[in-house]
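Data block below; observations after.
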Amino acid sequence: MTGKLNGSCFYNLSYFYIDCAVNTWRSSCGTMPERLTEMLMDTWTPLIILWITVLPSIFMAPMNQSQVLPSGSSTGLKRLTEEQRVLNRSKRGWVWNQMFVLEEFSGPEPILVGRLHTDLDPGSSKIKYILSGDGAGTIFVINDKTGDIHAMKRLDREEKAEYTLTAQAVDRDTNKPLEPPSEFIIKVQDINDNAPEFVDGPYHATVPEMSVVGTFVTKVTATDADDPVYGNSAKLVYSILEGQPYFSIEPHTAIIKTALPNMDREAKEEYFVVIQAKDMGGHMGGLSGTTTVTITLTDVNDNPPKFAQSMYHFSVMEDVALGEPIGRVKANDLDIGENAKSSYDIIEGDGMDIFEITTDAQTQDGIIRVRKPLDFETKKSYTLKVEAANIHIDPRFISGGPFKDTATVKIVVEDADEPPVFSSPTYLLEVHENAAINSVIGQVTAHDPDVSSSPIRFSIDRHTDLERQFNINAEDGKITLATPLDRETNMWHNITIVATETRNHSQVSRVPVAIKVLDVNDNAPEFASEHEAFLCENGKPGQVIQIVSAVDKDDPKNGHYFLYSLLPEMVNNPNFTIKKNEDNTLSILAKHSGFSRQKQEVYLLPIIISDSGNPPMSSTSTLTIRVCGCSSDGIVQSCNVEAYVLPIGLSMGALIAILACIILLLVIVVLFVTLRRHKNEPLIIKDDEDVRENIIRYDDEGGGEEDTEAFDIATLQNPDGINGFLPRKDIKPDLQFMPRQGLAPVPNGVDVDEFINVRLHEADNDPTAPPYDSIQIYGYEGRGSAAGSLSSLESSASDSDQNFDYLSEWGPRFKRLGELYSVGESDKET
């Protein structure tokens, strides 16, 4: 299958497109717009020239087997010999595998893209052309008779640049392929229909101020959707529309650079630059796009600090606290950030050691502070010279001058009412512990530093002297002793002395006073502890029984040295002697052996202990020496005489433990028996003649004095009474029970315990009985009582006076009761 070449129209070359496109527009739309004609001519003129130049050589070139078929059948090529193919010339078809169509072309008629034709078509309309592939039937339609291919829609190269289709010639009647399918490409020819775009715009860039010409600032990039290969539609050229003469741009690389030297940030910090990108190589008719670039000048340290004024004046009270700020100075710097930071120093003046200056990190102020105390009476004013210097200096601008400035500061000290000042910040006084009362220990002094010089009064802060051991003279500050001292009790006394101005009591000063109590030899030495020595019966003569030591509460300067001796009457005792050791201790030695517990169990040895003080002090301490039984190696086993009768091998501790266990068991047995007896005792114990005050408590309350229906109290008072039924008056029983007649009269020898139990049993089974376990208290006192009944129930109801003198005759147990009644009678008479 080949494209048909007829000298008048060449379908698959650009000339065809130009000629056909222009003629089609003119035939359908009239005159073509001048702009479109110019665009088509600019685009296709090179192709026409290329066609004119190349066409003769194309016709003269040998055919390529894969692209050219003879005008006869597709099988004719197989019958040709190599010699014929080289030496014989024949009419050949045209090589084509590409077609072109102009993008964005639209008109009233579909645009003709090209024509397919086979040499097998004799023109009898028996051949049918079929088109398949990308866009076949929708975008591209083929005339099945003529082979003309038309574009039915407006094409956009930026959406799809080429379409691959397959053409085939078949027999119209049988639909049998006349030739194999042939694939070809329709390329969409680009036109300049897209303007450049800055995708990343707008831009922001920075460049240091004072930069030299040509300093790189930033680079911008524009994109063009047109074909970058064909023509100049995507060839961009950059230029500056706004921002000159400060900046320039490279036309092809779009690199923005500085165009002016020494641009000052302090004069202008921000620049607004407009960049244009134009296609078609920047020629007339090209499309363009713009973007903005905001360029900010960054700061460099090109400005020194400068004080706002050359002289500063400050005033300060003389009693200002150390470290307190008294004023601020400020050196302004036109730079910003790190380049504006300055440090302040005092470089000259008469108060360099009195004041200091520091930098405020937030405000960059110089803060002047007091370094040492001020005194108006000593110096009333100071003059300082302060300097402010940049911390970070740029070497490129150091030639511009020193990046520092100076100013003078004058400080005036004002007088203030100051508190008294002691002659010393602390005082240390010493006094002997035997000092007399009201003796002077020491003296403190203070004065008013003000010009007026107010008198001073002294006092002791009693919070530091709670026991009031010291006094002070308010006028001269002499400290005296108020109570006796004891070094052994308290060696140090720390008090605070207060000095107050008499003219202004608010001006107060305090000073600590430490009083050390000095030692005197007023304590006698004594044993360090209560010693008890043990002497073995089988001990040897000269054996050391005990080593004792002494202590002395005093504290001599040269240390303690003790002297030991026996009482004069004990010097020649036959049993013991003493020996002084080098370490200031004493050894007790036995003079003989054969000590016996049975003969004498304990020995008392008085020892005199003396110190080396002036005057010397001494005391007598008694050492107790106990004779004990010891083992063969000298270990004490027993020190009691009874140890001789104890079984061998049983210690005293074990015997004590056994005895304690036996006593504990006996106590448990006695308690157990006692509890058993109390458990088996009757509620009321009856004696033959007298049973008194046996009260049974049920832990519940009865009905009170008004509840007289629970039991017949007279029955207890008179056991010979007959049981009778007394109905309840406070409740109405559901069942009426007959009076109980089963019990015979109680004989004279009745057992009250048994009687009460019977009554309780009847009450439990009687619904008319008192509710629940109502407590009843019985006051039965037996028969034949010499005193008679003490119950209030039998008391006379009359108001006649009674004589209670007989109570005093009943013995000491009723003495208190008789006194109460006798007092009552006397009161009544009164």
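The values are calculated or read from the model by the stated rules, or taken from the named source; none is laboratory data. Computed from a predicted structure; not experimentally measured. Positions of Cβ are generated from backbone atoms using ideal geometry, with glycine treated the same way; all protein chains shown enter the neighbour counts. Accessible surface areas use protein heavy atoms only, side chains included; no ligands, DNA or RNA. Shrake-Rupley method; radii C 1.70, N 1.55, O 1.52, S 1.80 Å.
Figures for the structure shown
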| item | result |
| --- | --- |
| Segment 295-323 - residue that is in contact with a Phe, Trp or Tyr (Cβ under 6 Å, 6 or more places away or on another chain) and within 28 Å of F397 (Cα to Cα) and, of those, modelled with the lowest pLDDT | D302 |
| Members of segment 501-535 that are farther than 29 Å from Y561 by Cβ, in a loop (DSSP other than H, G, I, E, B) and of a type outside the set (G, A, S) | T502, R503, N504, H505, Q507 |
| Members of segment 576-599 that are part of a loop (DSSP other than H, G, I, E, B) and buried (at least 16 other Cβ atoms within 10 Å of the Cβ) | F595, R597 |
| Residue in segment 393-400 that is open to solvent by less than 70 Å² (accessible area, probe 1.4 Å), under 53 Å from the mean Cα position of the chain (by Cα), closer than 30 Å to K306 by Cα and at pLDDT below 95 present | yes |
| Unique residue being within 54 Å of the chain's Cα centre (by Cα) and either open to solvent by less than 60 Å² (accessible area, probe 1.4 Å) or modelled with pLDDT under 90 (or both) when the list is D264, D227 | D264 |
| Selection from segment 171-202 of residues that are closer than 20 Å to L155 by Cβ, in a loop (DSSP other than H, G, I, E, B) and of a type in the set (S, T, N, Q) | N192, N194 |
| Residue in segment 271-291 that is surrounded by the most Cβ atoms within 10 Å (Cβ to Cβ), counting only those that are on the phi < 0 side of the Ramachandran plot and among the small types (G, A, S) | A277 |
| Residues of segment 459-473 satisfying the condition of being more than 19 Å from S506 (Cα to Cα), open to solvent by less than 60 Å² (accessible area, probe 1.4 Å) and part of a loop (DSSP other than H, G, I, E, B) | D465, Q469 |
| Filter result for A528 (among the small types (G, A, S) and surrounded by fewer than 15 Cβ atoms within 10 Å (Cβ to Cβ)) | yes |
| Output for segment 476-487, where each listed residue is part of a loop (DSSP other than H, G, I, E, B), more than 15 Å from V508 (Cα to Cα) and either more than 55 Å from the chain's Cα centre (by Cα) or not hydrophobic (A, V, I, L, M, F, W, C) (or both) | D476, A482, T483, P484, D486, R487 |
| Scan of segment 104-124 for residues that are surrounded by 11 or more Cβ atoms within 10 Å (Cβ to Cβ) and either in a loop (DSSP other than H, G, I, E, B) or among the aromatic types (F, W, Y) (or both), ordered by number | E104, F105, G107, E109, P110, L116, T118, D119, L120, D121 |
| Members of segment 410-458 found to be part of a strand (DSSP E or B), open to solvent by 70 Å² or more (accessible area, probe 1.4 Å) and closer than 30 Å to R487 by Cβ, listed by number | L428, E430, H432, V440, Q443 |
| Residue within segment 240-254 that is under 15 Å from G214 (Cα atoms), more than 60 Å from the chain's Cα centre (by Cα) and outside any strand (DSSP E or B) present | yes |
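Okay, residues lined up against (1) within 19 Å of M280 (Cβ to Cβ); (2) within 60 Å of the chain's Cα centre (by Cα):
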| site | (1), (2) |
| --- | --- |
| K153 | no, no |
| R157 | yes, no |
| N175 | no, no |
| E183 | no, no |
| D193 | yes, no |
| P196 | yes, yes |
| A205 | no, yes |
| E209 | no, yes |
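Conditions (1) touching a His at 6+ places or on another chain (Cβ under 7 Å); (2) without any contact (Cβ under 8 Å) to a residue 40 or more places away in the chain; (3) of a type in the set (A, V, I, L, M, F, W, C); (4) closer than 20 Å to T206 by Cα, marked per residue:
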residue	(1), (2), (3), (4)
A225	no, no, yes, no
S248	no, yes, no, yes
K257	no, no, no, yes
L260	no, no, yes, yes
E266	no, no, no, yes
V274	no, yes, yes, yes
A277	no, no, yes, no
